[in-house]
Amino acid sequence: MQVSVENTSALERRMTIGVPAERIETEVNKRLQQTARRAKVPGFRPGKVPMSVIRQRYEDAARQEALGDLIQATFYEAVVEQKLNPAGAPAVEPKVFEKGKDLEYVATFEVFPEFTVAGFDSIAVERLSADVTDADLDNMLEVLRKQNTRFEVAERAAQNEDQLTIDFVGKIDGEAFAGGSAQGTQLVLGSGRMIPGFEEGLVGAKAGEERVLNLTFPEDYQNLDLAGKTAEFTVTVNSVSEPKLPELTEEFFAQFGIKETGLEGFRTEVRKNMERELRQAIKTKVKNQVMDGLLAANPVEVPKALLENEVNRLRVQAVQQFGGNIKPEQLPAELFEEQAKRRVVLGLIVAEVVKQNELKPDEDRVRELIQEMASAYQEPEQVVAWYYKNDQQLNEVRSVVLEEQVVDTVLQKATVTDKSVSYEEAVKPAQAPADAE
């Protein structure tokens, strides 16, 4: 087998491969002999068909199959011989594809970029620390109560935070417009669901009352046909309901799977969850800073094949998340390219850090992480056992731990500043990470 390689760009390779005719004929004959053992030809018993008949009937198909398998096999042999690392499937172009002659074809493909990860000491990280105070816990209990708010009919005028059931008709220049009318809609005043002035215009209304609101759609309204236009809404208030927060009772605790522990037991469980959330939030913010630093310090050229694969993966995720009848390939690739590029580059960098530092998942940390995740369930031992019986899920946890070890490796050389903050500031979502360059 003859192989020559041409570098057509930083990552693209054009490889010409020649396969001797003798090897082709050997593969063709092997397939014809296999066919002869099972072929059913009228006038002949199975396994007794003359090879001349077999060749006449099946040689073309056998040759096509042999050539396809040979291209696949010899491409793999060639990249191993040339010590190349393809980043995707090759585009194959036959040059000589004739019976009795050597097979010659050209395979064009991209390789993974070769680079050394550096710049750990140029990365600056702010590492937050915080505690869950009693005040934080009290605030969380109020949040949980508000999330489970019930509304009861009130015989009074509506005020902010009340829930109204309304019918309304919207008109522009006397004509009803699409999406401007509804019946039986439930609206919490002050929620900001409707355009400016709509909810404010219903404060003080009573059940059975009709109000006419003259409002203007914002200039940046999402429906461009309505943006900046003035509309008249006729609103009928069917009912007014006031919010009622649930009491901290055993019935309330049971909604969260916590039974017969009383208020103190409930507070203990909520605090555990808050502390778990706090640890994860701090860890995530440190990780994002490290990853941003690695991206800035290590510009990497991205193979088109990897970028395309990641774009397609994000398309599928978007369709699964938002539903609808749209197919993934109908979503514009440009919507996902920046995110896909960041993911691919980070994947390459993280893999190289693992390789350079010979990192392997710390199995003690793997078990600790599984136990922490399992602690959120009622029977954590069963959850731990489930992870260790499912290789796919276990390997996903190992990948998370390995990424944490990469972060730890970087932090050993990075400039780290510790900062004490409140619980609220620590768990507040960080700004979106910078895009890969």
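The values are calculated or read from the model by the stated rules, or taken from the named source; none is laboratory data. If you're wondering where the values come from, they're calculated on a predicted model, not measured in any experiment. FYI the Cβ positions are ideal-geometry reconstructions off the backbone, even for glycines, and counts take in every protein chain you see.
Would you check which residues across region 9-52 are of a type outside the set (K, R) and in contact with a Phe, Trp or Tyr (Cβ under 9 Å, 6 or more places away or on another chain) and list them?
Taking region 9-52 as the starting set, the residues that turn out to be of a type outside the set (K, R) are 9-12, 15-22, 24-29, 32-36, 39, 41-44, 46-47, 49-52.
Scanning region 9-52 gives L11, E12, M15, T16, I17, G18, V19, L32, T35, A36, A39, P50.
Run down P20, P90 and say which single residue is under 35 Å from the mean Cα position of the chain (by Cα) and surrounded by 11 or more Cβ atoms within 10 Å (Cβ to Cβ). First the steps, then the outcome.
On the way: P20 fails: under 35 Å from the mean Cα position of the chain (by Cα).
Selected residue: P90, the only one of P20, P90 that is under 35 Å from the mean Cα position of the chain (by Cα) and surrounded by 11 or more Cβ atoms within 10 Å (Cβ to Cβ).
Residue by residue through region 131-147, note down the ones that are surrounded by 14 or more Cβ atoms within 10 Å (Cβ to Cβ) and of a type in the set (K, R).
R145, the sole residue that qualifies.
Any chance region 101-110 includes a residue that's exposed (fewer than 12 other Cβ atoms within 10 Å of the Cβ) and not assigned by TED's automatic domain parsing to the domain that holds G208? It would help to see each step written out before you state the result.
Residues of region 101-110 that are exposed (fewer than 12 other Cβ atoms within 10 Å of the Cβ), as a first pass: 101.
So of that shortlist, the ones also not assigned by TED's automatic domain parsing to the domain that holds G208 come out as 101.
Taking every residue of region 101-110 in turn, at least one turns out to be exposed (fewer than 12 other Cβ atoms within 10 Å of the Cβ) and not assigned by TED's automatic domain parsing to the domain that holds G208.
With in a loop (DSSP other than H, G, I, E, B), surrounded by 14 or more Cβ atoms within 10 Å (Cβ to Cβ) and either in contact with a helix residue (DSSP H, G or I) (Cβ under 7 Å, 6 or more places away or on another chain) or not small (G, A, S) (or both) as the only criterion, which of L394, L348, L359 stands out? Explain how you work it out, then say what you get.
On the way: L394 fails: in a loop (DSSP other than H, G, I, E, B); L348 fails: in a loop (DSSP other than H, G, I, E, B).
One residue alone meets the criteria, L359.
Take the conditions in contact with a strand residue (DSSP E or B) (Cβ under 7 Å, 6 or more places away or on another chain), surrounded by 11 or more Cβ atoms within 10 Å (Cβ to Cβ), under 30 Å from F266 (Cβ atoms) and in contact (Cβ under 8 Å) with a residue 60 or more places away in the chain and apply them to L128. Does it pass? Before you say what the answer is, go through the steps one by one.
Details: in contact with a strand residue (DSSP E or B) (Cβ under 7 Å, 6 or more places away or on another chain): yes; surrounded by 11 or more Cβ atoms within 10 Å (Cβ to Cβ): yes; under 30 Å from F266 (Cβ atoms): yes; in contact (Cβ under 8 Å) with a residue 60 or more places away in the chain: yes.
Yes: the conditions hold for L128.
Can you name the residue in region 325-345 that is among the acidic types (D, E) and under 14 Å from the mean Cα position of the chain (by Cα) and, of all such residues, is surrounded by the fewest Cβ atoms within 10 Å (Cβ to Cβ)?
Among residues in region 325-345 that are among the acidic types (D, E) and under 14 Å from the mean Cα position of the chain (by Cα), the one surrounded by the fewest Cβ atoms within 10 Å (Cβ to Cβ) is E338.
Which condition breaks for P243 when tested against (1) assigned to a loop (DSSP other than H, G, I, E, B); (2) modelled with pLDDT of 95 or more; (3) of a type outside the set (F, W, Y)?
All conditions pass for P243, except number (1).
Just a yes or no: is a residue in region 309-323 outside any helix (DSSP H, G or I) and within 18 Å of the chain's Cα centre (by Cα)? Steps first, please.
Pass one, region 309-323, residues outside any helix (DSSP H, G or I): 323.
Next, from what is left, pick out any that are within 18 Å of the chain's Cα centre (by Cα): 323.
The answer is yes, given that some residue of region 309-323 is outside any helix (DSSP H, G or I) and within 18 Å of the chain's Cα centre (by Cα).
Take R271 and tell me if it is in contact with a helix residue (DSSP H, G or I) (Cβ under 9 Å, 6 or more places away or on another chain), under 30 Å from A430 (Cα atoms), surrounded by 14 or more Cβ atoms within 10 Å (Cβ to Cβ) and at pLDDT below 95.
Values: in contact with a helix residue (DSSP H, G or I) (Cβ under 9 Å, 6 or more places away or on another chain): yes; under 30 Å from A430 (Cα atoms): yes; surrounded by 14 or more Cβ atoms within 10 Å (Cβ to Cβ): yes; at pLDDT below 95: no.
So R271 fails the test.
Taking the options V212, V203, V143, name whichever one is within 30 Å of I258 (Cβ to Cβ) and β-branched (V, I, T).
Numbers: V212 fails: within 30 Å of I258 (Cβ to Cβ); V203 fails: within 30 Å of I258 (Cβ to Cβ).
Just one listed residue meets the conditions, V143.
Where the second residue is surrounded by 10 or more Cβ atoms within 10 Å (Cβ to Cβ) and not β-branched (V, I, T) and the first is over 17 Å from D162 (Cα atoms) and free of Cβ contacts under 8 Å to residues at least 12 places away in the same chain and lies in region 207-224, which pairs have Cβ atoms under 6 Å and are six or more apart or on separate chains?
Every condition considered, the pairs that remain are E219/A227; E219/G228.
Residue under question is K30, and the condition is that it be assigned to a loop (DSSP other than H, G, I, E, B) and not assigned by TED's automatic domain parsing to the domain that holds V300; does it hold?
Numbers: assigned to a loop (DSSP other than H, G, I, E, B): no; not assigned by TED's automatic domain parsing to the domain that holds V300: yes.
Criteria not met by K30.
Tally up the residues in region 172-201 that are hydrophobic (A, V, I, L, M, F, W, C), in contact with a strand residue (DSSP E or B) (Cβ under 7 Å, 6 or more places away or on another chain) and assigned to a strand (DSSP E or B), please.
Total satisfying the criteria: 6.
Looking at region 176-231 only, could you name the residues that are touching a Lys or Arg at 6+ places or on another chain (Cβ under 8 Å) and of a type in the set (A, V, I, L, M)?
Within region 176-231, the subset touching a Lys or Arg at 6+ places or on another chain (Cβ under 8 Å) is 177, 180, 187, 199, 201-202, 205-206, 216-217, 231.
Passing the criteria: L187, L202, A205, A231.
Would it be correct to say that Q405 is in the same structural domain as L278 (by TED's automatic domain parsing), loosely packed, with under 14 Cβ neighbours inside 10 Å, at pLDDT 95 or above and touching a helix residue (DSSP H, G or I) at 6+ places or on another chain (Cβ under 9 Å)? Don't jump to the end; show me each part of the working.
On the way: in the same structural domain as L278 (by TED's automatic domain parsing): yes; loosely packed, with under 14 Cβ neighbours inside 10 Å: no; at pLDDT 95 or above: yes; touching a helix residue (DSSP H, G or I) at 6+ places or on another chain (Cβ under 9 Å): yes.
When the stated conditions are applied, Q405 does not pass them.
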